[in-house]
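Peer 1: The structure is given below, and queries will be raised subsequently.
None of the figures in this text is laboratory data; all of them are computed from the coordinates on show. Since we're looking at a predicted model, the values are computed, not measured. Every residue, glycine as well, gets a Cβ built from its backbone with ideal geometry; the counts of neighbours run over all protein chains shown.
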Amino acid sequence: MDNTDRGTGQSMIRLSGVGKTYPDGTVAVHDLDLEVAAGELVVLVGPSGCGKSTTLKMINRLIEPTTGTIEIDGKDVTRSDPVKLRRGIGYVIQQIGLFPHQRVITNVMTVPLLYGEPRSVARQRARELLELVGLDPAEYAERYPAQLSGGQQQRVGVARALAANPPVLLMDEPFGAVDPIVRVRLQDEFLRLQSELGKTVVMVTHDIDEAVRMGDRVAVFATGGRLAQYGTPSELLGHPADDFVEDFVGATKGLRRLTVTMIDAGHLEPIDGVSAGDLSSTVDVTATLEEALAAMLRDDRGMVGVKDGARFVGVLTPNGIHKALRASLAEGAGAA
Ligand code: ADP
Ligand code: MG
C-alpha cells in the first residue's frame with residue numbers, strides 16, 4: 001500500500017491554534033495546529049480522553065472551540081451556517097446511530113431527503129450507495145438494522161454518511177464495535193472505497209495498528225489534548241518524536257515491520273540440499289517478510305523457497321526472518 005501523501009497538496013482542512021476547554025475546566029484540546037490536504041486520509045490516534053473526539057466535533061461544529069480557527073476550503077467554519085456546513089461533511093460514529101425503526105434504505109435516504117432531493121432520486125442514490133459498500137440492495141434494502149450483523153450495520157452507517165456526497169468525511173472510531181476479523185475487513189473495504197472516492201477523511205481511533213494501516217498521515221495525541229507528532233506512518237515508526245510516541249507506536253513495532261520489510265538475499269540460506277520440488281511453498285524475492293511468513297506457515301517444515309522470476313535464489317527459514325527483522329529494526333533506530 002502506498003502510504004505517501006495521496007492528497008493534491010491543497011489544504012482542505014486547517015486547524016490553527018485550536019483549543020477547547022469545557023465549562024468544568026477540562027482542557028480537552030490544547031493549541032492544536034493541523035492541516036489535512038484534499039483527498040488525504042488523516043488518522044487521529046491516542047489514548048482515551050486525549051481530545052480526539054472533541055477535535056473531530058469541532059470540525060463539524062457539534063462543539064465550538066474556545067480558541068483558534070478552523071477552516072474548510074479556506075472558509076472559517078465558525079462563520080458558516082452549521083446546517084450548510086454539515087451538508088458537506090459526512091459523519092460516521094462507532095455507535096452507528098442508525099434509526100432502528102426504519103428500514104436500511106430509509107436510513108440511507110435520510111440526509112438527501114432532508115436536503116430536498118425528490119424521493120425517487122434519493123432512493124436510487126441509496127441503492128447505489130448500498131451497492132458501493134458491499135450490501136446487495138435486493139437483499140438488504142428492506143431489512144431493519146437489527147436484522148444485520150455489526151459489520152453490515154457499520155457499512156450502512158458509511159453509506160448514509162456518503163449519501164449527500166460530501167467532500168469531507170469525519171469518522172469517530174468507526175470500526176470500534178466489531179470483532180477484530182470483521183474490523184480488518186471493514187478497514188480494507190474502506191481503503192478500497194476511499195481509493196475510488198478520494199474524500200478528505202479525518203478518522204479517530206485508539207488503535208495504533210489501525211492508524212498506521214489506514215492513514216496517509218497520522219496525528220498522535222497525548223493526554224491533555226497535545227499533538228505529540230504528525231507524520232506519515234513510516235515517519236512515526238522510524239522517527240518517533242519523543243518517548244511518548246515511541247512507547248505508543250513501539251508496542252508491536254517489530255511485528256509491524258514485517259509488513260514493510262522486503263526479503264533480503266543476505267538472509268536466505270543456500271538452496272543446496274533442498275531440491276526445489278521439496279518446497280511446498282514459494283514466494284517471489286519481491287515479497288514482504290509478512291508474505292514470506294504466511295507462506296512459511298503453509299509448509300510442514302517451516303521454510304519457504306524464494307524465487308527471482310523462475311530461478312530459485314534460496315530458502316528462507318524462521319531464523320532468516322528473525323535476522324531480517326532485527327536488521328530492519330536496527331536500521332530504523334539508526335535512522336532516528
Ligand atoms: P477522546 O475522544 O480522545 O477519548 P474526548 O475528546 O472525548 O477524548 O475527551 C477529551 C477530554 O474532555 C476528556 O478528559 C473528557 O473527559 C473531557 N470531556 C469530553 N466531553 C466533555 C464535556 N462535555 N464536558 C466536560 N469534559 C468533557
Ligand atoms: Mg472519543
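Peer 1: Using the beta-carbon distance between PHE99 and LYS323 and R0 = 56 Å, what value does 1/(1 + (r/R0)^6) give for FRET efficiency, to the nearest 0.05? Let's see the in-between values first.
Peer 2: Values: r = 56 Å, r/R0 = 0.99.
It comes out at approximately 0.50.
Peer 1: Follow-up question, since we're still on this one. Using the Cβ atoms and a cut-off under 11 Å, what net charge is assigned to the surroundings of PRO82, where Lys and Arg are +1 and Asp and Glu are -1? Before the final figure, lay out the partial values.
Peer 2: Values: positive: ARG61, ARG79, LYS84, ARG86, ARG87; negative: GLU64, ASP81.
It works out to a net charge of +3.
Peer 1: What's the local net charge at GLN94, with K and R +1, D and E -1, over the other residues with C-beta under 11 Å away? All intermediate terms of the calculation are to be shown ahead of the outcome.
Peer 2: On the way: positive: none; negative: ASP172, GLU173.
Spelling it out: positives minus negatives among the neighbours equals -2.
Peer 1: Now for a different question. Report the calculated FRET efficiency for ASP299 and VAL182 (r = Cβ-Cβ distance, R0 = 35 Å), to the nearest 0.05.
Peer 2: 0.75
Peer 1: In addition: Less than 28 Å apart at the alpha-carbon level, and either on another chain or at least 8 residues along: which lysines does that give for LYS75?
Peer 2: Correct list for LYS75: LYS20, LYS52, LYS57, LYS84, LYS199.
Peer 1: What is the sum of charges, Lys and Arg at +1 and Asp and Glu at -1, for the other residues whose Cβ falls under 14 Å from the Cβ of GLY17?
Peer 2: -2
Peer 1: Starting from the 7 Å offset along Cα-to-Cβ, what nm value, one decimal, do you get for the label separation of SER280 and VAL27?
Peer 2: With each label placed 7 Å out from Cα toward Cβ, I get 6.0 nm.
Peer 1: Something else: How much FRET efficiency would the formula 1/(1 + (r/R0)^6) give for SER195 and ASP81, where r is the Cβ-Cβ distance and R0 is 30 Å, rounded to 0.05?
Peer 2: For R0 = 30 Å, the calculated efficiency reads 0.40.
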